1. Tell me, what is the FRET efficiency for B:ASP190 and D:ALA82 to the nearest 0.05, using R0 = 41 angstrom and their Cβ-Cβ distance as r?
2. Mind checking which of A:CYS182, A:GLY226, A:GLN196 is farthest towards the positive end of chain A's charge dipole, using Cβ charges of +1 (Lys, Arg) and -1 (Asp, Glu) about the Cα centre?
3. Any chance you could tell me what percent of the C-alpha pair distances in the range C:265-386 go past 26 Å?
4. With charges set only on the Cβ (+1 for Lys and Arg, -1 for Asp and Glu), what does the dipole of the range A:173-253 come to about its Cα centre, in debye to the nearest 20?
5. What FRET efficiency comes out for D:ILE31 versus C:ILE139 if R0 is 56 angstrom and r is the Cβ-Cβ distance? Round to the nearest 0.05.
6. I want to check the label-to-label distance for C:LEU70 and A:PHE41. Put each point 7 Å from Cα in the C-beta direction and report it in nm to one decimal.
7. What's the FRET efficiency of D:ILE23 with A:CYS230 using the Cβ-Cβ distance as r and R₀ = 45 Å, to the nearest 0.05?
8. Please compute, for peptide A:184-193, the average count of beta-carbon atoms on other protein chains lying within 10 Å of each residue's beta-carbon.
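Since every read-out is calculated from the coordinates, none of them should be taken as a lab result. All of these numbers come straight from a predicted model, not from anything done at the bench. Quick reminder, even Gly has a Cβ in these numbers, built from the backbone with ideal geometry, and neighbours come from all protein chains shown.
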Amino acid sequence: MQSLPFQPEQASTIAKSVDQLYFFLTAVTLFFTALIFSIIFYFMIRYRRRSPDERPKAIEGSFPLEVLWTVIPTLIVAVIFVWGSTLYFRNSEPPRGSMEIFVTGKQWMWKVEHPEGQREINEMHVPLGRPVKLTMTSEDVIHDFFVPAFRVKKDVLPGRYTSLWFQATKVGTFHLFCAQYCGAFHAGMIGSIVVQEPDEYERWLAGGTTGESMEQAGEKVFQQTGCPSCHMADGTGLGPSLLGVYGHPVKLTSGETVTADDAYLRECILQPALRRVFGYKPLMTSFQGQLTEEQLNNVIAYIRALGNTPPPPPKQEVKP
Amino acid sequence: MTDSEAHAQDAGLVHQFENLEQQQEADFLGIWVFLVTEIMFFGGLFASYAIYRWLYFAAFEAGSHILNAEIGAANTMVLLGSSLTMALSVRSAQTGNRRALVFFLIATMILGAIFLGVKAYEYDQKFVEHVVPSLDWAPEGEVLARLAPGGLGHAQLYFFFYFAMTGVHALHMIIGEGLLLWLVLRARKDAFTTHYFAPVEVVGLYWHFVDIVWIFLFPLLYLIGGRY
Amino acid sequence: MSTATLEPQPRVHTQRNYLNADYGWKSWLFTVDHKRIALLYMISVTFFFIIGGSFAVLMRIHLTEPQGALVQPETYNKLFTLHGVVMIFFFLIPSIPAVLGNFLVPLMVGARDLAFPKLNLLSWYIYITGGLFTLYSAIAGGVDTGWTFYTPYSSTYSNTQVTAVAIGVFITGFSSILTGLNFIVTIHKMRAPGLTWFRMPLFLWAMYATSIIMVLGTPVLAITLFLLALEHLFHVGIFSPALGGDPLLFQHLFWFYSHPAVYIMILPAMGVVSEIIPCFARKRIFGYKVICFSSVAIAVLGFLVWGHHMFVTGQSIYAGLIFSLLSFLVAIPSAIKVFNWTATLYKGSISYEAPMLYALGFIGLFTMGGLTGLFLASLATDVHLNGTYFIVAHFHYIMVGGAVMGYLGGIHFWWPKITGRMYPNAWAALAAAIVFVGFNLTFFPQFILGYLGMPRRYAFYPAEFQVLNVMSSAGATVLGVGYLIPLIYLMWSMRYGPLAEPNPWGATGLEWTTSSPPPTENFAEIPVVTQEAYAYAPEEAAGD
Amino acid sequence: MSQTIVPQKTYVLVFLGLIALTILTTGVAFIDLGPFNTVAALAIAFAKMLLVVLFFMGVKYSGGLVRIVLVAGFFWLALLIAFTMSDYRTRSWITPPAAWSSSAPPTHP
């Protein structure tokens, strides 16, 4: 569908399908508006008052007509609901193997971090044709990562991770806006998404590296904060070993199991008492306020890297 | 104006009602609709409380163990007593027994005052234990040991709820005391008859409502989880 | 009714009525007469409309240039916040219920006054106190959190007058609670003999449904703003992420009231239109009972849909699914109403005085507004459109296209009854046309801006959006002129307008059976109702 | 407006019932029933509320309209709690059921 004058660029895999629904809705709106306007104009002319003492006959109403204009809107609305929800659910989960980028919103700037170590402000380089998953958090108020050309948007909340994904289908530079009011320079918290050919992206990635990757930075923070004193590699420490943990199910004291994803790891670091690992005493204190968002992201990246080394033999049960 | 002469002889009847019965029915419906707004007003607090209690149960349980359940139970009984005396004062207004009306109204005020006194003592206790959010939040020693596992931040949330909910409830109690005082003054001036006692009934319903809020507040704040 | 000649006739109503029953400021500031309280509300609501409107004009001038033409970004943030707060809490919510509702509910019900007249006056004083707090906050530096007060910006990061505005809106909430309470008790307990529920005018049904929302929703806003003010003052609260609090909980509690609040704003306008269309088509409303039930259905369903404001905030996608489905269902009663109004015109005898023009304009614009709501109820498109100018256009179509047109229609319809004076119909028709054109020119471009992705609440924007913004600003000036004209000729008509008969439009309804303006006690004798509502047809009119 | 005059004995009996229930709820709290502690506490509180509403507030003797108003109040509070809780309870179900997962291959044009 060639781009109409009043249509934002379609630069992501979902853009076209969102626009199809948008045009169906526009068609429904224009149809019913035109229908109502024309009926009213016709009645206004046809039944204008001819003489002052004209007395039209009373019409109570008509049940079949009422049923008609209740059922038809309900059907139309049902179609839109199913269409919109299916589209939304299909795209709510990033496909497996998506590239991971960390985004931190801070009052009036976007800080972007690539796993390989690239750090950018208000700019994000992404390769063409590969799904990209953004894991986002905010250091202060609620922001919102909005790329009109990709038809994606997600609020960025302080205190937790939110994520969105897209897959660029067009090379170029696209607007990035903050779409949740966040203070004085909310309007200035904009940037651009630079979509490059895969090889060009690799060159950019290699060239502009600023030293250590997130994983290495994460390891440094892990050591400095003294995590290994409890989380020993062989699992004999007071805390569970972190080898082979990321992405795998973890048994909790409450009996449930939860997959150790970014959100769970972040929660363990900031609010350890919430969902404690089975078999360990509640000794870990909270690191709330001691690690910046950036250090937190790096530590989690480091734990993720530990995820693919095999875990030590399980520890014998210790009664909490 | 034929209507207005008919109005004159019914004391307390206002002009926009046809008869006293319609007016009392309107007053009765009016207070009940007002109590529904109060249900929704406290409802916002109870809804937030329910969510955070589900999210951070350990911290809420630890926080609730800091409170003294025995004082809470005793205080609840005091408030139930004030509800009894309030109901009896409405009944004595119905039966036109002015002396009993004044007696029971004053009894209700005294019991209410006792409740507020105990509440003030409990608040003071919180300052002693340094668990007052933002004003004096520095739990230490045995209290800290008990709160720490659940997360200090969440414990502060619990105590914020404790002060917000019991504070708004106490505010409603104070307004209730003021209304009761106004009733006592009017009762002594013989303003109520067996036909016209709507104000007593309206304040009674308001007082019972504030008691019901406490009936839910006490177990939800004081008795979380097993206190073994 | 031929257009009245314009030369002033200095005649004055001689017989006793609520206006000439008493004079002096005490007779106004201590009145318990619902009609005088309605006029107090009309003056104060118009005052706030002018303030809110001037903020809007400043914003539109500022947005004519991409980098902002008039003010600093911080000031722009304060402008849109106060425009939102003043327009919503001090004009849209009170306008029809407190002005037209207060004046007409006792008259339509056939009573001498509302159930609790003193409470009604207290409600006005509470409204004024809340207004003073908000004006104080505007003068003492303004507030820049947006009318939605989202935490943690409002509770922790904004150092503007958040507490003052929170207290102001907290207090004003009780004014609409008391109005709602008054209407519910009056409609239940004080109906005239013979006036059964299904003989009541639809305006009363709309007031009843609106009062249900006011009574059940406003207290939750009160407690939310109370908690916000606490958190702003003590830097500790249940919404602060530092303690593990969830900023989304504030949004849940805020929208639990604020979405039903948009039905508080639109239901009364629907009630007004349901009165005007049958009168000027001189025909019974089509599907009376269906419209009654759809009013109540909107009031009830309105409480189940607030999650559609939070589709992109990280709310659970399953809760989003439920809220999306329910948001679609709440659109059905509104659609039914539009079809019923249109069907009322069928085989009618339509005349085109000003109230009818406003009512027809309402139907057209409300249809546009309602249908664009479907874009925002469906999950996939809301992701793209949330937080953009599409949202701004949608709710202005409902609020300005719907509620304000409904309010102006109501004012023009009952003006003879309220003031006992007629107004120049030619000027009124011209004003209605200007408002209609100016409105569309202002807000239609914003739909396109929203689709292109221009976020809302931006003090400066990328240059490619300038053309549409300039169009919108041009429309805003036309709309501003359109609103000034009624102010002038209505004020003129208060003194020089030709005297109005008790029933200038030949409408049905108990308020038209008493004199214009009505006596203080409304009716000499409490009327007895024997006919159905809107009995315009010959055989019914003959009163067999 | 409840015309019927309730005998004093009934009021005192209701009061004693309330006291007993208060003692019961405090006592039950000292037994560790796990999740049922909350259920028991709420059930007892609801029973106490019913006693106060029916007898002290006279809803037992007054008309249907008052009962509808009261039930509507609690129903709306339940709406607020239920819908808000539905968000918090289902927030952790991030991965949609298999049927919904993105069937389209990631690189479709």
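1. Numbers: r = 50 Å, r/R0 = 1.21.
Once the sixth-power term is evaluated, E becomes 0.25.
2. Farthest along the dipole direction, towards plus: A:CYS182.
3. Values: 2197 of 7381 pairs.
Of all Cα-Cα distances in the range C:265-386, 30 percent exceed 26 Å.
4. Details: 3 positive and 8 negative charges, 85 e Å.
Dipole size: approximately 400 debye.
5. Values: r = 60 Å, r/R0 = 1.07.
Efficiency, from the Cβ-Cβ distance: 0.40.
6. Once both label points are built, they end up 3.5 nm from each other.
7. Values: r = 46 Å, r/R0 = 1.02.
Efficiency, from the Cβ-Cβ distance: 0.45.
8. Values: counts 10, 5, 11, 11, 4, 2, 5, 0, 0, 0.
Across A:184-193, the average partner-chain Cβ count within 10 Å equals 5.
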